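These notes are about the structure you will find just below.
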There are 4 protein chains.
Amino acid sequence: MVIVMRQDATEEQLAHLVGKLQEKGLTAHISRGTERVIVGAIGDERVLQSVPLQAIPGVEQVMQILQPFKLVSREFRKEDSVVDVSGVKIGGGHFALIAGPCSVENWDTLIETAQKVKAAGANLLRGGAFKPRTSPYAFQGMGEEGLKLLARARQETGLPVVTEVMNTSQVELVASYADMLQIGARNMQNFDLLKAVGDVRKPVLLKRGLSSTIKEWLMSAEYILSRGNHAVVLCERGIRTFETYTRNTLDLAAVAAAQELSHLPVIVDPSHATGKRSLIEPMSYAAMAGGADGLTIEVHPRPEEALSDGDQSLLPEDFAKVAQGLRRFAGVCNQTW
Amino acid sequence: MVIVMRQDATEEQLAHLVGKLQEKGLTAHISRGTERVIVGAIGDERVLQSVPLQAIPGVEQVMQILQPFKLVSREFRKEDSVVDVSGVKIGGGHFALIAGPCSVENWDTLIETAQKVKAAGANLLRGGAFKPRTSPYAFQGMGEEGLKLLARARQETGLPVVTEVMNTSQVELVASYADMLQIGARNMQNFDLLKAVGDVRKPVLLKRGLSSTIKEWLMSAEYILSRGNHAVVLCERGIRTFETYTRNTLDLAAVAAAQELSHLPVIVDPSHATGKRSLIEPMSYAAMAGGADGLTIEVHPRPEEALSDGDQSLLPEDFAKVAQGLRRFAGVCNQTW
Amino acid sequence: MVIVMRQDATEEQLAHLVGKLQEKGLTAHISRGTERVIVGAIGDERVLQSVPLQAIPGVEQVMQILQPFKLVSREFRKEDSVVDVSGVKIGGGHFALIAGPCSVENWDTLIETAQKVKAAGANLLRGGAFKPRTSPYAFQGMGEEGLKLLARARQETGLPVVTEVMNTSQVELVASYADMLQIGARNMQNFDLLKAVGDVRKPVLLKRGLSSTIKEWLMSAEYILSRGNHAVVLCERGIRTFETYTRNTLDLAAVAAAQELSHLPVIVDPSHATGKRSLIEPMSYAAMAGGADGLTIEVHPRPEEALSDGDQSLLPEDFAKVAQGLRRFAGVCNQTW
Amino acid sequence: MVIVMRQDATEEQLAHLVGKLQEKGLTAHISRGTERVIVGAIGDERVLQSVPLQAIPGVEQVMQILQPFKLVSREFRKEDSVVDVSGVKIGGGHFALIAGPCSVENWDTLIETAQKVKAAGANLLRGGAFKPRTSPYAFQGMGEEGLKLLARARQETGLPVVTEVMNTSQVELVASYADMLQIGARNMQNFDLLKAVGDVRKPVLLKRGLSSTIKEWLMSAEYILSRGNHAVVLCERGIRTFETYTRNTLDLAAVAAAQELSHLPVIVDPSHATGKRSLIEPMSYAAMAGGADGLTIEVHPRPEEALSDGDQSLLPEDFAKVAQGLRRFAGVCNQTW
């Protein structure tokens, strides 16, 4: 931590700050510049995370030196983490190709989709049983009934299933059916939920919040790891910006950045990131070329009948085309699945 | 709903769309322009909210005409709603001056703060017992113990208390102690939580999400009203933008806009919106002058010892100065408290 | 400047950095922490502004301590600057109430508007002769003809005129007619233009760019002051965010922040900031209450015939109502005009 | 254009609007819904671009149906445009690999860089002689002297040169030396400059503004084409968002979107988009895989001595590695150069 004193800070204020740092077990290193006094706090600055140094009289600015996260960091673990989802590996050259409908709607549509995406090359099945919807009047998901259909689809196709959990009270239930628990973008900072999925032993797919920085995203992953669950896969799904042509703005550089800062695998959701069917193919290729460890893509055999996100769902045949394209890139990118 | 067909849309595609609309009980009104065919859907377009019209072949663009919310809208209720929090009215000329520490930390600090803000003119006491924190290693709040201290502070000062509820499993507990339940910015789209507070009969303070549009904010309020709880107060607390000098960007025009679109009272949180002590005073005055129905301000007698948000907490004497300033504006603004 | 070395930085790399700093006339102050070595650069760090320290091997992070601007800063000049526009003072308790049409369109409309806004209390007349338009097919302004009409309107009403200059080649021409030169938001970082208006001796109204930080805005003002023209008034006109209900997001905290960081007067343009007629009144009051030194408001007697920005123009009678409201706030806010 | 009337709009107001549309040569098509009357304007709605329909009493909302641009649109020209820069083709499968220093600083560094990037596979040389700098105290470029060095480097290497023009008064000068004129992000809406480069017959590289939407970017290109210069290449260089880890947020979906909406080639600048050396390689691959028609990359043999942007410049050997990687992707992407 580097603390910059105000130009008019007094010696008493400086001494007070130094005392405060020592109280926390840190050493203060004082640098007297021509216009400002700067204090370096030597020691583990994480102990200062909840100390409001800015509130101390005479302090102008507080600058953090170390990353606020630990267990998720590359410094903590140098090699890529590989997350195993019921036998399907993600990370370290193992590519996840997750596909399926936005929501589970009925058995026939689900199994048709699951069989087709499997045939096209998907290695995991996605589908929502509990659905976060902006409107209280929109379809809210089938709930446990949907989880049962997902489990049955897994049995028939062999594809492990990923599905969203929205609330601490559902964690046990969802975990009893699913192979991987998804935390949606709107819940990325639902800290009680993060703790709850940190307490189970199921892999977690953690979506980035719509307006969350890369560091906040990693801090949310830190919540999960700090409870003992290290099987976390990050998912970039577009951030909210001023641009309205696309539903969100896909931040592909954040994928590479997260991989630099952390050892966790990072995948991309081009469906939510763009919200436009025509952009999913180029962004899928871009994601793989940019180093992503996987993709999650919405597929529906009859998008116009979909109860949610039909606008951005690919037809199974379009998904097959994307999957084929990805195979061509896989060689150049050293990815296998 | 207005649906714009692609330039190359066929008559079959048009007929298919028209059939789809009729199936939903709407009438299609077709307008053949020089470059595009436009279809107006006559009837209650809200039935189309979960129909992915965009996914229908030949459709280029779908434009919503009506607001997606209903119970919270000005059209539904013309006059200002007044929310009663254990005797303190908010809205319609009744100003809420909510003050207190970010977190409840111990009895002495809480009661000292409560007595001082009351003396300065606050009419409601705030304080967090359950705290959403970016870092798993930061102070997470006192929990039920904190709720008990709040209830005791209410007893001693007569100030009704507002406190955050983070999780559906806490709703009953928090509601048994608090006079008003706060939904934090990060939970604005925690839909299960919205339903849960919609099911109790306590007033709710609904903070705007960091990257939520005004319409999404109102849709979240709609969740609560649609469950039968009409005592909702909205709170603008700054949105996330590219500007980093302030912690967030206070969007005061959103207050006036929300008041135009909705009958619900709207208050402002200048503490989180700016994150800078020096900006709280001018933004408090601006909020009142701009028509806000109240303010919620963080106050701490020893900010440098605060376990959260010390950087932006006002000293009780600074808060008293702000409260005094607000009294001068109150006459011009027709606000009383 | 504080430079943080990478964890794996070598002693040679550190020595190389220290040499680099010394070469620039600075002293290096080395702080060896438990996880990182930190180097403080003692001296005037502004000499480092164009030295890419980040590019030096072993450097992890470079943190600036001092503000990059100088002449515009409060440290350089403690008291509020008062800018004189042909006899009308702005700043230090002198309020600017600038009003007029978006564009100068013809003599009749201009003089009608000028007389009415004067009668309502405006002390400066605005109007564009050169118009920056998103579309090449939209009305581009009357050019010099418009400047002549503005000068004539000044003669008839006594109101000094403010008008935009878009290009270095127009500076001399515009300065020969106008009392104050406006730099539009899209030109805030048109550095050649900033230099050109810095070279004339006319007051400048510098609008904040749509996505410019407060610091960048002040750096653009620094360009003008550094050429010898100290008569600069800043204007907050809304920034671009994800919110689309308003045309832009009015950042009122930026006004107070700019006044803290700088001695220059800061005014507000609620017309462009909101783009919605109904929001101009509340935001005008909020601006004054929040400490703004003035307002610039678009007024048109027949908005539906306006050649630009008709959607957000007030009728003269609506402007009169706002001006009257402002008078009521002026006493509380210690503003006169 | 679709115009939605307010719920309380009168028949007179409707008749007035219809008259207004007819006056402009359009036909009004009236649709009476259950809650609103909707008016479709049949004809070329571009004539309405500067008519403030929103200002007409009774109008609630105005929705544009057609894109505001014409010459740059895919509807205007179906096939990809190929821009020829002194013999180097860009677009339609011809990949531009532009490289060179941020600024031209001296002959030795320039020619060393030019020779090395050519050897590595670059087909165009970039370098700034006129530099837009946030600070008036930073290096502002060598001016004409820099242009001469660029021309000499072209002669020695055979690489056509791309360089920025900042001001209308420089257009002729820059055009006399350069093969392609660059319009920087901060000048994307410097409309006089757009007109000026539209009047010369040199290809233009038009960077997207920091906070410009895809449509505004295309409108700026429309300015150039509407003056008769059709040789425009678009360049995505990152937009400004809340994320601060990267300098800007690379919006790769905007590249694919711009290619859908327009026939113009679109390239990517990963150097400015990320501002981080380590992210340039993955984002270069992602750009090509996502369909970009080229890249522009900053290269400097001694980044720590660079007078601008040294922090994000690649070493020539790192650039060579990226160029090699791109060759591997080129086959999959059907790009040649």
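Within the bounds of the range B:69-83, is there any residue that is of a type in the set (A, V, I, L, M), away from every other protein chain (no Cβ under 14 Å) and farther than 30 Å from A:LYS215 by Cβ? Checking the range B:69-83: at least one residue is of a type in the set (A, V, I, L, M), away from every other protein chain (no Cβ under 14 Å) and farther than 30 Å from A:LYS215 by Cβ. From the list D:GLU317, D:GLU260, exactly one residue is of a type in the set (Asp, Glu) and either closer than 20 Å to D:LEU234 by Cα or in contact with a strand residue (DSSP E or B) (Cβ under 9 Å, 6 or more places away or on another chain) (or both). Which is it? Matching residue, one of D:GLU317, D:GLU260: D:GLU260.
For the condition more than 28 Å from the chain's Cα centre (by Cα), within 14 Å of chain D (Cβ to nearest Cβ) and without any contact (Cβ under 8 Å) to a residue 12 or more places away in the chain, what is the one hit in C:GLY19, C:GLY33?
C:GLY19
Yes/no per residue for (1) polar (S, T, N, Q); (2) touching a Phe, Trp or Tyr at 6+ places or on another chain (Cβ under 8 Å); (3) within 22 Å of B:THR27 (Cα to Cα):
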position	(1), (2), (3)
D:MET1	no, no, yes
D:THR10	yes, no, no
D:ALA15	no, no, no
D:LEU26	no, no, no
D:ARG36	no, no, yes
D:ALA41	no, no, yes
D:SER50	yes, yes, no
D:ALA55	no, no, no
D:ILE65	no, no, yes
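The residues of the range A:235-254 that are closer than 24 Å to A:LYS70 by Cβ and more than 8 Å from every other protein chain (Cβ to nearest Cβ), listed by number, are A:CYS235, A:GLU236.
Checking the structure you have, find out if any residue of the range D:107-127 is farther than 27 Å from D:VAL83 by Cα, touching a Phe, Trp or Tyr at 6+ places or on another chain (Cβ under 6 Å) and either assigned by TED's automatic domain parsing to the domain that holds D:GLN324 or free of Cβ contacts under 8 Å to residues at least 12 places away in the same chain (or both). No, there is no match, as no residue in the range D:107-127 is farther than 27 Å from D:VAL83 by Cα, touching a Phe, Trp or Tyr at 6+ places or on another chain (Cβ under 6 Å) and either assigned by TED's automatic domain parsing to the domain that holds D:GLN324 or free of Cβ contacts under 8 Å to residues at least 12 places away in the same chain (or both). Among the residues making up the range C:183-194, those that are in a loop (DSSP other than H, G, I, E, B) and either more than 8 Å from chain D (Cβ to nearest Cβ) or more than 16 Å from the chain's Cα centre (by Cα) (or both) are C:GLY184, C:MET188. Of all residue pairs spaced 6 or more apart or on separate chains, those with beta-carbon atoms under 8 Å, a first member in the range D:317-337 that is more than 10 Å from D:GLU281 (Cβ to Cβ) and within 12 Å of chain A (Cβ to nearest Cβ) and a second member that is basic (Lys, Arg) and in a helix (DSSP H, G or I) are D:VAL332/A:ARG328. So is A:HIS272 more than 8 Å from every other protein chain (Cβ to nearest Cβ) and under 26 Å from A:GLU304 (Cα atoms) or not? Yes, satisfied. Being more than 28 Å from A:ARG154 (Cα to Cα) and either surrounded by 19 or more Cβ atoms within 10 Å (Cβ to Cβ) or of a type in the set (A, V, I, L, M, F, W, C) (or both) is the filter here; which residues of the range A:74-111 pass it? Matches in the range A:74-111: A:PHE76 only. Restricting the range D:36-51 to residues that are under 34 Å from the mean Cα position of the chain (by Cα) and β-branched (Val, Ile, Thr), the residue that is nearest to B:GLY40 (Cα to Cα) is D:ILE42.
Taking the stated definitions as given, is A:ILE267 of a type outside the set (Lys, Arg), in contact with a helix residue (DSSP H, G or I) (Cβ under 6 Å, 6 or more places away or on another chain) and not in a loop (DSSP other than H, G, I, E, B)? In short, no.
Across the range B:98-156, which residue is nearest to B:GLN170 (Cα to Cα) among those that are in a loop (DSSP other than H, G, I, E, B), of a type in the set (A, V, I, L, M) and touching a strand residue (DSSP E or B) at 6+ places or on another chain (Cβ under 6 Å)?
B:ALA129
Every test in (1) closer than 27 Å to A:ARG186 by Cβ; (2) out of contact with any Pro (no Cβ under 8 Å at 6 or more places or on another chain) is passed by A:VAL117 save one, and that test is (2). Taken over the range B:298-315, the criterion of being at the interface with another protein chain (Cβ under 7 Å from one of its Cβ atoms) and part of a helix (DSSP H, G or I) is satisfied by B:PRO303, B:GLU304, B:GLY310, B:ASP311. Taken over the range B:128-144, residues that are more than 25 Å from B:ALA320 (Cα to Cα) and touching a residue at least 24 places away in the same chain (Cβ under 8 Å) amount to 9. Can you pull out the residues in the range A:268-308 that are hydrophobic (A, V, I, L, M, F, W, C), under 17 Å from the mean Cα position of the chain (by Cα) and closer than 19 Å to A:THR336 by Cα? Result: A:VAL268, A:ALA287, A:MET288, A:ALA292, A:LEU295, A:ILE297.
Restricting the search to the range A:48-58, which residues are closer than 19 Å to C:VAL4 by Cβ and either crowded, with 22+ Cβ neighbours inside 10 Å or at the interface with chain B (Cβ under 9 Å from one of its Cβ atoms) (or both)?
The answer is A:GLN49, A:LEU53.
Residue by residue, here is whether (1) assigned to a loop (DSSP other than H, G, I, E, B); (2) within 13 Å of another protein chain (Cβ to nearest Cβ); (3) within 20 Å of B:GLY87 (Cβ to Cβ) holds:
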| position | (1), (2), (3) |
| --- | --- |
| B:VAL171 | no, yes, no |
| B:LEU181 | no, no, yes |
| B:ALA196 | no, yes, no |
| B:ARG201 | yes, no, yes |
| B:SER212 | yes, yes, no |
| B:TRP217 | no, yes, no |
| B:TYR223 | no, yes, no |
| B:ASN229 | yes, yes, yes |
| B:VAL233 | no, no, yes |
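Does D:PRO132 satisfy being under 21 Å from D:GLY275 (Cβ atoms), in the same structural domain as D:LEU234 (by TED's automatic domain parsing) and at pLDDT below 95?
yes
Of the residues in the range B:317-331, not one is closer than 20 Å to B:VAL82 by Cβ and in a loop (DSSP other than H, G, I, E, B).
Here B:ARG201 passes the criteria (1) at pLDDT below 95; (2) under 17 Å from the mean Cα position of the chain (by Cα) except the one numbered (2).
The values are calculated or read from the model by the stated rules, or taken from the named source; none is laboratory data. Note that the structure is a prediction, hence the values are computed from the model and not measured. Neighbour counts run over all protein chains shown; Cβ positions are idealised from the backbone, glycine included.
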